[in-house]
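Engineer: Dropping the structure in here first, questions after.
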Amino acid sequence: MAIERTLSIIKPDAVAKNVIGEIISRFEKAGLCIAALKMMKLTRQQAEAFYGVHRDKPFFDDLVEYMISGPVVVQVLEGENAIAKNRELMGATNPKEAAPGTIRADFADSIDANAVHGSDSPETAAQEIAFFFKDDEIFPRFD
Ligand code: UDP
């Protein structure tokens, strides 16, 4: 199976709960490696651009406010089937529907403050990784 990269964000609610390490540990235990990582506070402009696809949704303004409400941890995860594997570890968007043992089931409070983001396709993964990281900030782990 191909080695893929995906973008993961530990969102402000999970950072505030002090579970950065627990979440990263789940990625590592599932065989994903951290190829890039930084902690940052998104600007309003960055949050609006990152979630631009949702611009017309009723939850867009609240989503932007939430994403800029505190620091986030942005990472590139690398490994076999990384995009789908990360989505599986995350669980459903709504934590009430997320499978037991998933990150959202364990750490998310609501459908909006839902602990993590993960790219949903190879195309969005490439775009989202380039949104946050330059090539020389990403360290291949599976040479
Ligand atoms: N979101 C929200 N209300 C909704 C649906 C989504 O606030 O009814 C937020 C939530 O933080 C979610 C993000 O918008 O993670 C992006 O939504 P998407 O449907 O892409 O879900 P994801 O890919 O994050 O599971």
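Engineer: Rounded to whole Å and sorted largest first, what semi-axes of the equivalent ellipsoid does the C-alpha gyration tensor of the stretch 40-100 yield via the square root of 5 times each eigenvalue? Please list the in-between numbers first.
Structural biologist: Details: eigenvalues 108, 53, 27 Å².
Taking √(5λ) for each eigenvalue gives 23, 16, 12 Å, largest first.
Engineer: Compute log10 of I(q)/I(0) for the stretch 73-119 with the Debye formula, placing one identical point scatterer on every Cα and leaving out solvent, at q = 0.16, 0.29, 0.33 Å⁻¹, to two decimals.
Structural biologist: Per q value, in the given order, log10 I(q)/I(0) is -0.40, -1.04, -1.18.
Engineer: Over all pairs of distinct alpha carbons, what does the Kirkwood formula give as the hydrodynamic radius of the chain, in Å?
Structural biologist: Details: mean 1/r = 0.0660 Å⁻¹.
Kirkwood hydrodynamic radius for the chain: 15.2 Å.
Engineer: Nothing charged except the Cβ atoms of Lys and Arg (+1) and of Asp and Glu (-1): what's the magnitude of the dipole of the stretch 6-143 about its Cα centre? Round to the nearest 20 debye.
Structural biologist: Computed about the Cα centre, the dipole is about 240 debye.
Engineer: Using the scaling law 2.2 N^0.38 Å as the reference, what is the normalised Cα Rg of the stretch 87-143? Present the calculation step by step, with values, prior to reporting the outcome.
Structural biologist: Working: Rg = 13.9 Å, N = 57, 2.2 N^0.38 = 10.2 Å.
In units of the globular-protein estimate, the stretch 87-143 measures up at 1.36.
Engineer: Is the stretch 1-51 rounded, prolate or oblate when judged by the Cα gyration tensor, a ≥ b ≥ c being the square roots of its eigenvalues, rounded requiring a/c under 1.5 and prolate requiring a/b larger than b/c?
Structural biologist: It is oblate, given that a/c is not under 1.5 and a/b is not larger than b/c.
Engineer: Hey, how many Å between the Cα centroid of the stretch 75-102 and the Cα centroid of the stretch 16-59?
Structural biologist: 12
Engineer: Over the chain, what is the relative contact order in percent, taking alpha-carbon pairs closer than 8 angstrom and at least six residues apart?
Structural biologist: Numbers: 250 pairs, mean separation 53.5, N = 143.
Contact order relative to length: 37 percent.
Engineer: Can you find, among His117, Ile103, Gly91, the residue farthest towards the positive end of the dipole of the chain? Put +1 on the C-beta of Lys and Arg, -1 on that of Asp and Glu.
Structural biologist: So the residue furthest toward the plus end is Ile103.
FYI, it's all coordinate maths here, none of it is from the lab. Because the structure is a prediction, the values reported are computed rather than measured. Don't worry about glycine lacking a Cβ; one is built from the backbone with ideal geometry, like all the others, and counts go over all protein chains shown.
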